[in-house]
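For reference, the structure is listed below as structure tokens.
The values are calculated or read from the model by the stated rules, or taken from the named source; none is laboratory data. Predicted, not measured: the structure shown is a model, and the values here were computed from it. Note: ideal-geometry Cβ built from the backbone for every residue, glycine included; neighbour counts use all protein chains shown.
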Amino acid sequence: MSIHMHMRAVAESEIRYDHTWLAAFMWEAWENHPDEYARGIAESIEKIWDSVNDLYAAAAVLDAGADDSWELPVYGGRPVVHSADADPSSPPLGILEPPEVSQAAGFLARVSFDELWNATGAGLVWAGWDEAQVRQEFLDHHEGLLRFYGRAATAGHAVVRAVWA
């Protein structure tokens, strides 16, 4: 079974804070994901976004005086509540407003992937998997999120997230 967390950068003025509308918007974005990914306005993580969040949580341990920006790239923002008439099978949705997108971009730009990996990497390697291969997968996700949030922040965009099963 394939499950993805899909993120899409969008001008805040284009967003309707309505679950039904956002679900349709994100579905269209998902259908156009290869093109949107190539344009730098979309990013996705297949299955392991919770583990990517665990990697970023190490920042709280490494820098006790830091803010909670580590929470933003994966689970930050606010959930969009289903309306009473929403399709119950529609995806969970969340929105990061532009200031949060900027905070996420700043966190990703200043955090050391190597330090995070050294602090938590061993716990993220799946049984029977080669550590170098798993490390590379997490590094690829980190670099993708760094580019995505950096471009979104520079453009002053919000980020909408959906989880597709």
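Give the residue that is surrounded by the fewest Cβ atoms within 10 Å (Cβ to Cβ), with candidates limited to residues of the range 59-76 that are under 20 Å from Glu46 (Cα atoms) and not acidic (Asp, Glu). So that I can check it myself, show each step before the final result.
The initial filter retains those residues of the range 59-76 that are under 20 Å from Glu46 (Cα atoms), namely 70-76.
The next check asks that each one be not acidic (Asp, Glu); those that pass are 70, 72-76.
On the way: Trp70: 25, Leu72: 23, Pro73: 31, Val74: 22, Tyr75: 15, Gly76: 22.
For the range 59-76, the residue satisfying everything is Tyr75.
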Contacts under 6 angstrom Cβ, first residue in the range 78-100 being under 20 Å from Gly150 (Cβ atoms) and modelled with pLDDT of 75 or more, partner assigned to a helix (DSSP H, G or I) and aliphatic (A, V, I, L, M), 6 or more apart:
Glu100/Leu72
Give all pairs with beta carbons closer than 7 Å in which a residue from the range 148-163 that is more than 19 Å from Glu28 (Cα to Cα) meets a residue that is assigned to a helix (DSSP H, G or I) and among the polar types (S, T, N, Q); count only pairs at least 6 apart in sequence or on separate chains.
Ala153/Ser102
Within the range 49-98, take every residue that is of a type in the set (Val, Ile, Thr) and touching a Phe, Trp or Tyr at 6+ places or on another chain (Cβ under 8 Å) and give me the one that is nearest to His141 (Cα to Cα).
Val52
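Would you be able to say whether some residue in the range 86-108 is touching a Gly at 6+ places or on another chain (Cβ under 9 Å), in a helix (DSSP H, G or I) and hydroxyl-bearing (Ser, Thr, Tyr)? Lay out the reasoning, then the answer.
Taking the range 86-108 as the starting set, the residues that turn out to be touching a Gly at 6+ places or on another chain (Cβ under 9 Å) are 94-98, 100-105, 108.
Applying the additional criterion that residues be in a helix (DSSP H, G or I) yields 98, 100-105, 108.
Restricting the remaining residues to those that are hydroxyl-bearing (Ser, Thr, Tyr) gives 102.
Checking the range 86-108: at least one residue is touching a Gly at 6+ places or on another chain (Cβ under 9 Å), in a helix (DSSP H, G or I) and hydroxyl-bearing (Ser, Thr, Tyr).
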